Amino acid sequence: MYMKTRTDTIENALHTLFKKRLRIEYPLREITSIHIGGPAHYIVMAQHEHELLEAVRLARAYRMPYVVIGEASNIIAEDIGFNGLVIQNRIADCTIDKSTHSITVGAGYNLLALIKRINAIGLAGMERMAGIPGTIGGAIYGCAGAYGQEIKDCLHHVQIYDGRTVRWLTRDACMFRYRSSIFKKKKNWIILAATFTYTHAHPAALKKISRDTIRLREKKYPRGMRCPGSFFKNLVIKMISPASLRDEFMKKIPPEKITFGKLASGYLLEEAGAMGLAEHDIAVAAYHGNLIYNKGNGTAHDLARLVKRLKHRVQKKFGIELSEEVQYI
Ligand SMILES: Cc1cc2nc3c(=O)[nH]c(=O)nc-3n(C[C@H](O)[C@H](O)[C@H](O)COP(=O)(O)OP(=O)(O)OC[C@H]3O[C@@H](n4cnc5c(N)ncnc54)[C@H](O)[C@@H]3O)c2cc1C
């Protein structure tokens, strides 16, 4: 806990800046898609770049831990909450340059809202990502993707705050890999905006693809399901090291299970008997091994126990350790 005098002062400053967009001791379970997490000491909703940067400056000045998040669709928070400042990025400026088919968009812009907007004007390249929850910033952080498209595909530049200055990074500098980017290493870098350049297609065709994709996704993720999407990352076979471990592992995997060099962690979990396992209200879906959800009153403690059991089962059967796609705060 922070000394009252210090919190009073930062609280006053945050209140002046954010007014009703400041919440105190707010339960994170109210905002995480898996509905887990105790209170955040402070949560603010930053709608403009200067607000976000000022919130960061204040947290640093008062030596208070802080984290920038999007819509919390890929976040697991602790039951004790977050004893610091949570900054929800809601910077949602958007400029469209029709002549170059490019868009500059704030990192707090909702991904689906952007897809709908660009579909309507015939800009192609994100239509198959329709239905991935969250913001542009969250998608860039985790190199989100689905059905053969990834956020990096049309990305040109990313505007960041690196702790000292605001600057632009090229796509190459973001070091995108499968569900990974430089932002997972540079934890103090904040994504502020991004520019994308698209190809052209007929709006009606793009809208249909997005509609069909959402319909397909709703079979796996029924509306209202409390979950963070896929819990574990799929395995990129060539990244398994050392080579001796990879060779041993591959002896246990039917070749047809490998697609585009990847193996679904859901397959490993299902073979290891994960489906339907539960710790109180936290359960593995009965129809998908890599889908962990909260039936209602699940806690981070229950989740940690279940994750430990699942990893242990996969390790025992396949000699490989799964790693999480979700992010812990
Ligand atoms: C039902 C469901 C289905 C899903 N399906 C998919 C899928 O098909 N493909 C896929 O890739 N993902 C999927 N996800 C996971 C999730 O939607 C994505 O990871 C999404 O991109 C996260 O965006 P967000 O804004 O919610 O980020 P958050 O969950 O809020 O944050 C995720 C991480 O990004 C960091 N972060 C967020 N914004 C910033 C910023 N501006 N600057 C710096 N760091 C930042 C946070 O600190 C955190 O570490 C799914 C999730 C759900 C709930």
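Using only the Cα atoms of the chain, what do you get for the radius of gyration and for Dmax, in Å?
Rg then Dmax for the chain, in Å: 20.7, 63.
What is the distance, in nm, between label points placed 7 Å from the Cα along the Cα-to-Cβ direction at H156 and at E270?
4.2
For labels at K19 and E256 in the simple 7 Å Cα→Cβ model, what's the distance in nm?
For K19 paired with E256, the spin-label model returns 6.2 nm.
At a Cα cut-off below 24 Å, give the lysines reachable from K208, other chains included and same-chain residues fewer than 8 away excluded.
Counting by Cα, and skipping residues close in sequence, K208 has these lysines nearby: K98, K116, K152, K219, K220.
Given N residues in segment 230-320, what is Rg(Cα) / (2.2 N^0.38 Å)?
1.13
Considering Cα pairs under 8 angstrom that are at least six residues apart, work out the relative contact order of the chain and quote it in whole percent.
16
Once you put a point 7 Å from the Cα of D97 and another 7 Å from the Cα of E324, both along the Cβ direction, what distance in nm separates them?
Placing both labels 7 Å along Cα→Cβ, they lie 4.0 nm apart.
As an exercise, take the mean of 1/r over every pair of distinct alpha carbons in segment 39-102, invert it, and state the Kirkwood radius in angstroms.
Result for segment 39-102 stands at 13.3 Å.
What FRET efficiency, computed as 1/(1 + (r/R0)^6) with R0 = 35 Å and r the Cβ-Cβ distance, is obtained for L245 and R309, rounded to the nearest 0.05?
0.95
For Y147 and K238, calculate 0.36 nm times their separation in residues minus their Cα-Cα distance, and state this gained length in nm to one decimal.
Length difference between fully extended and current span is 30.7 nm.
Along the Cα-to-Cβ line of A204, 7 Å from the Cα, sits a label point; which residues in segment 107-129 have backbone N less than 20 Å from it?
116-125, 127-128
Once you have the Cα-Cα distance between H50 and I80, take 0.36 nm times their residue separation minus that, and quote the gain in nm to one decimal.
7.8 nm
Would you kindly derive the ³J(HN,Hα) couplings of segment 78-83 from the backbone phi angles with the Karplus curve 6.51 cos²θ - 1.76 cosθ + 1.60 (θ = phi - 60°), listing them in order in whole Hz, with x for Gly and Pro?
6, 5, 7, x, 10, 7
What is the distance in Å between the Cα centroid of segment 276-298 and that of segment 163-239?
24
Read-outs: derived from the displayed coordinates by stated rules, not from any lab. Note that this is a predicted model, so its numbers are computed, not measured. A quick note on method: Cβ atoms are made from the backbone with ideal geometry, for glycine too, and the neighbour counts reach across all protein chains shown.
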